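Chemist: Mind looking over this structure? Questions follow.
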Amino acid sequence: MEKGVICLIINYMFNENLYAPIEKVNFELFEQKQIELFIKREDLIHPFIAGNKWRKLTYILQDASSKNKKHLVTFGGAYSNHLLAVACAGAKYHFTTTGFVRGEELSNHMLGLCRWFGMNLIFVDRESYRNKSEIFDTYFSNNNNAYFIEEGGAGELGAKGCREILKDIENEYSHVFCSVGTGCTIEGLIGYANEHKLKARIEGIVVLKGGDFLQKQIEEKNFNQANWRIHQGFHEGGYAKTSPELLAFIQHFASQTGILIDQVYEGKMMKAIFSLAEENYFKKGSKILAIHCGGTLGMLSVVK
Ligand SMILES: *Cc1c(COP(=O)(O)O)cnc(C)c1O
């Protein structure tokens, strides 16, 4: 009897068969520099619960379930991949969902999809949005079913899920790259590399301006073995800011590989890898693994 109950609790995201293959991409630049670039297609895990958002939610939803919570409450901007992931995962695994959206009421394809997956959206002004636990308490302090999920799925459980991105990969890469927003994903990757003594250096491309706090945040985790580095110079003006060069790069990359990358996260990561290659950052023979965490739907507002 009890065993059955336990099975029910863990019987979801863990048990799905994830498809996130590694593909090599070829560019003249990499041939010239005698390095190789591989892409881990975490974006293919799910169309709406993509990449690191799936990884983060695995343990978060397990925790919600084990506490008998039925209602996921979370936070995001108007184009948040995380809100969409929670909306869809809520629908798939039978939770009701509420999303608090930063800023004035508006409508776009991302929020539209959230609604179609059944998420209740509540818009909050930027000032109030800063204090998320206060918002949660205002609406849900009397609701025993409500479960608080940090913006972006950040936190220990999220990072624990992100470790699994590197599970089962060959220990043959010299560099593993990811984009960095809250820092949760890279903390998971560093944690895994640390524990399994991977030879790769874990490298993060910060996608926002003023990301010095991320350096400190990761240092404070005291990873002893792992080799990691974050790069602050590739944010293109700030979070969600783009440049004509960035968009031209993404278009070129897509047209040469058939792989679309978004303008907020993975486009900046990939452009940074190309810039670093041009500056001879990588030794000959380097094997680079770039993690594509999804977010591609964000491009629908760019490619029209
Ligand atoms: C959320 C997101 C990130 C940022 O991950 P963090 O764990 O917040 O650093 C990167 N890429 C994509 C596509 C995302 O949706």
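The values are calculated or read from the model by the stated rules, or taken from the named source; none is laboratory data. In this text the structure is predicted, and so the values were computed from the model without any measurement. Positions of Cβ are generated from backbone atoms using ideal geometry, with glycine treated the same way; all protein chains shown enter the neighbour counts.
Chemist: Hey, could you check the stretch 158-193 for residues that are more than 10 Å from the ligand (Cβ to nearest atom) and part of a strand (DSSP E or B) and say which is surrounded by the fewest Cβ atoms within 10 Å (Cβ to Cβ)?
Modeler: The extreme case among them is His175.
Chemist: Within the stretch 19-104, which helices (runs of 4 or more DSSP H) (wholly inside it) include 2 or more residues that are more than 16 Å from the ligand (Cβ to nearest atom) and under 30 Å from Ser141 (Cβ atoms)? It would help to see each step written out before you state the result.
Modeler: Details: elements: 28-33, 51-66, 81-92.
In the stretch 19-104, 51-66, 81-92 are the helices (runs of 4 or more DSSP H) which contain 2 or more residues that are more than 16 Å from the ligand (Cβ to nearest atom) and under 30 Å from Ser141 (Cβ atoms).
Chemist: Just to be sure, is Arg163 outside the structural domain of Asn81 (by TED's automatic domain parsing) and out of contact with any strand residue (DSSP E or B) (no Cβ under 6 Å at 6 or more places or on another chain)?
Modeler: Yes.
Chemist: Go through the stretch 106-157 and tell me which helices (runs of 4 or more DSSP H), entirely inside it, have 3 or more residues that are in the same structural domain as Leu61 (by TED's automatic domain parsing), within 23 Å of the chain's Cα centre (by Cα) and at pLDDT below 95.
Modeler: Once the helices (runs of 4 or more DSSP H) in the stretch 106-157 are filtered for at least 3 residues that are in the same structural domain as Leu61 (by TED's automatic domain parsing), within 23 Å of the chain's Cα centre (by Cα) and at pLDDT below 95, nothing remains.
Chemist: Of the residues Leu121, Leu83, Leu61, only one is in contact with a Gly (Cβ under 6 Å, 6 or more places away or on another chain), among the hydrophobic types (A, V, I, L, M, F, W, C) and within 27 Å of Glu187 (Cα to Cα); which?
Modeler: Exactly one of Leu121, Leu83, Leu61 is in contact with a Gly (Cβ under 6 Å, 6 or more places away or on another chain), among the hydrophobic types (A, V, I, L, M, F, W, C) and within 27 Å of Glu187 (Cα to Cα), namely Leu83.
Chemist: Only residues in the stretch 218-241 that are closer than 26 Å to Tyr192 by Cβ and free of Cβ contacts under 8 Å to residues at least 12 places away in the same chain count as the first member; pair them with residues that are assigned to a loop (DSSP other than H, G, I, E, B) and of a type in the set (Val, Ile, Thr), Cβ under 8 angstrom, at least 6 apart or cross-chain, and list the lot.
Modeler: The qualifying pairs do not exist here.
Chemist: Go through Tyr147, Tyr173, Tyr192 for me and flag whichever is in contact (Cβ under 8 Å) with a residue 60 or more places away in the chain, closer than 21 Å to Lys287 by Cβ and not aliphatic (A, V, I, L, M).
Modeler: Answer to the check: Tyr173.
Chemist: Return the pair list, or none, for Cβ contacts closer than 8 Å from residues in the stretch 286-299 that are within 17 Å of Gly181 (Cβ to Cβ) to residues that are within 10 Å of the ligand (Cβ to nearest atom) and in a strand (DSSP E or B), at least 6 apart or on different chains.
Modeler: Ala290/Cys178; Ile291/Cys178; Cys293/Cys178; Cys293/Ser179
Quick grid of which residues meet (1) more than 16 Å from the ligand (Cβ to nearest atom); (2) surrounded by fewer than 19 Cβ atoms within 10 Å (Cβ to Cβ); (3) not in a loop (DSSP other than H, G, I, E, B):
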| position | (1), (2), (3) |
| --- | --- |
| Glu195 | yes, yes, yes |
| Gln215 | no, yes, yes |
| Ile218 | no, no, yes |
| Gln225 | yes, yes, no |
| Leu247 | yes, yes, yes |
| Ala272 | no, no, yes |
| Leu300 | no, yes, yes |
